[in-house]
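Heads up, the thing below is written out as structure tokens.
The values are calculated or read from the model by the stated rules, or taken from the named source; none is laboratory data. Keep in mind that what you see is a predicted model, and the values were worked out from it rather than measured. Positions of Cβ are generated from backbone atoms using ideal geometry, with glycine treated the same way; all protein chains shown enter the neighbour counts. Accessible surface is based on the protein model in full, side chains and every heavy atom, while ligands, DNA and RNA are left aside. Shrake-Rupley method; radii C 1.70, N 1.55, O 1.52, S 1.80 Å.
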Amino acid sequence: MERELEQLTSEFVARFSSTPRFFQAPGRVNLIGEHTDYNEGFVLPFAIDRKTIVASARRDDTQLNVYARDLDESATIELSDPATLRRGNWIDYVEGIARCSAERFGVSLRGADIIIASNVPIGAGLSSSAAIEIAVGHALLSLNDVAIERIELAFAGQQTEHKFVGTRSGIMDQFASVFGKKANAMLLDCRSLEIEQVPVTYPDIALAVIDTKVKHNLASSEYNTRRAECEAGVEVLQKKIPGLASLRDATTEMLNDYGGMLSEVVRRRCYHVVSENIRTEAAAEAFRRKHFVLAGKLMKESHKSLRDDYEVSCAELDFLVDTATVIDGVYGARMTGGGFGGCTVNLVETRAVENLRERSVKKYSEQFGFAPDFYIFHPADGASEITA
């Protein structure tokens, strides 16, 4: 880290002729609780030890000069001009978080010179976007001497996704990036916003992530479609169940009683969300009790539900899950993230990690013609300023 910051400092001074401050925000992996956050349900993500680092210095005008080092691309954003929405590239996240932070915190932000560097894999479903949003937002607010309310920073990131990117995402990614805690996953109640840190780091257990290295074009549009299908299900169920505000309030018994009122597709979407909430709370308890066999079983059930009822998996994800779950020492595996590509997360005994790595890479390469990326991530702390 020290060498990285020294290099960034040299680059920053050469580019902007000033000395930067540094801010970081991590990506995330979700252990279980997929597509439940925008239904006010439960999720169990952890912040990973991969992060976006922002080197930045305040300007006296309202201009953002931004250099994305990993892409070797630059952009200039004039905050006094009308906002530009949905360019379809990384600049949306920077402009979005600047304007949404100013709006949520009720301040007028001055400009800044910024270099963004990240080792969060891009396009892998590990929330590289949330890491950018939270790191840049933290930097801009701090440079403007704004007291940071961390929940408001997280919501500014979510608002960026909705308004500037066009994805009607829930709050999980930004909360994980802001509130992550080393050695823990966080059981987040997406209605009350209550967080319980759940220990998931043990010497004989590893959290392995395998990246399919594919992202099918369906991902963005189908995400919004799934949310609309859930909302349609709630609208119908409310006719029979007064007080039902979201699928968080529904039970399997309610779906058994009234599921006939729903189309087959919407019924299956709703059943996934309701059952996934049950699995997520049970998995958190299993991790608390070090009951890894049960936690792995719940992860496998989650993947089956995402594949069959929510229909957000794909051939590459299914292949990796099927390959992993027959390996001795692997407790469970499932897709993680929005779906249609991205990564699987695997709960595995430390002794079995290399076997999982070798077999997954070999079989996947034989099946699809290219190798997946294999990672061991460790739960990390959330966003912060990096100080000496």
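Observations on the model:
- The set of residues from the range 306-335 being open to solvent by 10 Å² or more (accessible area, probe 1.4 Å), part of a helix (DSSP H, G or I) and more than 19 Å from residue 375 (Cα to Cα) comprises 307, 308, 315.
- The range 95-125, residues that are assigned to a strand (DSSP E or B) and open to solvent by less than 30 Å² (accessible area, probe 1.4 Å): 112, 113, 114, 115, 116, 117
Table: residues versus (1) outside any loop (DSSP other than H, G, I, E, B); (2) farther than 30 Å from residue 286 by Cα; (3) more than 28 Å from the chain's Cα centre (by Cα).
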site: 4; (1), (2), (3): yes, yes, no
site: 27; (1), (2), (3): yes, no, no
site: 33; (1), (2), (3): no, no, no
site: 38; (1), (2), (3): yes, no, no
site: 50; (1), (2), (3): yes, no, no
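- Pick from the range 281-332, criterion β-branched (Val, Ile, Thr) and touching a residue at least 12 places away in the same chain (Cβ under 8 Å), ranking: nearest to residue 366 (Cα to Cα): 323
- Unique residue being in contact (Cβ under 8 Å) with a residue 40 or more places away in the chain and either at positive phi or of a type in the set (D, E, K, R) (or both) when the list is 73, 95: 95
- Wholly enclosed strands (runs of 3 or more DSSP E) of the range 126-241 bearing at least 2 residues farther than 19 Å from residue 44 by Cβ and either at pLDDT 95 or above or among the β-branched types (Val, Ile, Thr) (or both): 205-215
- Qualifying positions in the range 233-254 - of a type in the set (Asp, Glu) and open to solvent by less than 80 Å² (accessible area, probe 1.4 Å): 249
- Residue 12 meets the conditions (1) aromatic (Phe, Trp, Tyr); (2) part of a strand (DSSP E or B); (3) open to solvent by less than 10 Å² (accessible area, probe 1.4 Å) in every case but one. The failed one is (2).
- Identity of the residue in the range 185-220, in contact (Cβ under 8 Å) with a residue 60 or more places away in the chain and over 29 Å from residue 340 (Cβ atoms), that ends up most open to solvent (accessible area, probe 1.4 Å): 203
Conditions tested, residue by residue: (1) surrounded by 18 or more Cβ atoms within 10 Å (Cβ to Cβ); (2) within 14 Å of the chain's Cα centre (by Cα); (3) among the charged types (D, E, K, R); (4) at positive phi.
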| site | (1), (2), (3), (4) |
| --- | --- |
| 128 | yes, yes, no, no |
| 137 | yes, no, no, no |
| 145 | no, no, yes, yes |
| 154 | yes, yes, no, no |
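- Only one of 73, 40 that is in contact with a helix residue (DSSP H, G or I) (Cβ under 6 Å, 6 or more places away or on another chain), modelled with pLDDT of 95 or more, open to solvent by 50 Å² or more (accessible area, probe 1.4 Å) and not hydrophobic (A, V, I, L, M, F, W, C): 40
- Filtered by the rule that a residue be farther than 30 Å from residue 32 by Cβ, open to solvent by less than 80 Å² (accessible area, probe 1.4 Å) and not hydroxyl-bearing (Ser, Thr, Tyr), the range 46-70 gives 54, 55, 57, 59, 61, 63, 64, 65, 66, 68, 69.
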